[in-house]
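Asks: Handing you this structure, nothing more for now.
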DNA sequence: TCTTTAATAAGAATTAATCTTAATTAAAGT
DNA sequence: ACTTTAATTAAGATTAATTCTTATTAAAGA
């Protein structure tokens, strides 16, 4: 996606949702969109303060949360930033309820039997291969 | 796995690694092993203090970290408890280097085309289906 | 341009997680 | 049973990530 299209889409999404297109929001979005490092809020802030010295870390967190709600960005590999554990160590996968945080284990033999794409072999040594499903569990669905 | 086998294996792993089989370790392990809630350290502590009023939260954290090193337990859905973001919202997957924390995107069409197991349909509404690979990236591998 | 109201900055506050030190406890080996 | 030593407790300090509070600023519409 080229830069102008990206920005145009960004402004469109903001307007559709009644959000002001502020300088901060635009820069945060553009910086994230141009990165492939999956940066944390702090890493983004560090990059951005070079150009915008008064940008507060709070704005970065708040803005990312807003973007996440709009579906403009995604949060990866974390669930509410609190570590959770399991003693089940045989191969299995997880369904995560985005509403209540519940985790449900499941097995998927036909996936386990799959080989990862050939072009991935160069990445390094792969130790685990897991599926994560996200959604809303039936309990939360029935609450509405 | 039945309770006795589980405990026996636990004690064996401790002994193999020169760790004392303490009451606290055993209870923490058993409680986690009997749970399917993927509890946090705090949640586990809350459960355990009922029976062991002097158990400290610090011991729970320390013990879980020890267990993780031994491969007795796994930490799920978190990467060092720091949220990371991406603006790439088309369907893709992640390779995570457990050593340096680097995340690499990849696509996997034949996986994307798969249907999840029939018995999973009852879980609720599934919004996303992703693969997470864990391992050591080639950069980290070559450092040794 | 003026006004309204959402968004931001700055710093305080919170929360999870870890570390420190010293004193106590209890495994495991003799 | 005795001894050694690792592990735990207690209590507090510390660090890091995230969120909250309040006063100020600036986007968007009139």
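Asks: Pairs only if they're at least six apart or on different chains, beta carbon under 7 angstrom, first in the range B:46-64 and within 13 Å of chain A (Cβ to nearest Cβ) and under 16 Å from residue B:35 (Cα atoms), second away from DNA strand C (no atom under 12 Å from the Cβ) and assigned to a loop (DSSP other than H, G, I, E, B); list them, first residue then second.
Replies: Correct list of pairs: B:64/B:73.
Asks: Hey, another quick one. Within the range B:1-50, how many residues turn out to be buried (at least 16 other Cβ atoms within 10 Å of the Cβ) and at positive phi?
Replies: Adding up the residues that qualify gives 1.
Asks: Would you confirm, using the coordinates I've provided, whether residue A:35 is within 12 Å of chain B (Cβ to nearest Cβ) and either at pLDDT 90 or above or more than 15 Å from DNA strand D (Cβ to nearest atom) (or both)?
Replies: For residue A:35, the condition - within 12 Å of chain B (Cβ to nearest Cβ) and either at pLDDT 90 or above or more than 15 Å from DNA strand D (Cβ to nearest atom) (or both) - is met.
Asks: While we're looking at this one, here's another question. Of B:82, B:75, which residue is within 9 Å of another protein chain (Cβ to nearest Cβ), modelled with pLDDT under 80 and under 25 Å from residue B:13 (Cβ atoms)?
Replies: After ruling out the rest, the residue left standing is B:75.
Asks: Enumerate the pairs (first residue in the range B:11-28 and not assigned by TED's automatic domain parsing to the domain that holds residue B:60; second residue anywhere and more than 9 Å from DNA strand D (Cβ to nearest atom)) with beta-carbon separation below 9 Å, excluding pairs fewer than 6 apart on the same chain, so at least 6 apart or on different chains.
Replies: Between residues of the range B:11-28 that are not assigned by TED's automatic domain parsing to the domain that holds residue B:60 and residues that are more than 9 Å from DNA strand D (Cβ to nearest atom), there is no close pair.
Asks: When the range A:49-60 is examined, which residues are found to be at pLDDT 90 or above, in a helix (DSSP H, G or I) and in contact with a helix residue (DSSP H, G or I) (Cβ under 6 Å, 6 or more places away or on another chain)?
Replies: Result: A:57, A:59.
The values are calculated or read from the model by the stated rules, or taken from the named source; none is laboratory data. These figures come from a predicted structure and were not determined experimentally. Counting neighbours? That spans all protein chains shown, and the Cβs are built from the backbone with ideal geometry, glycine included.
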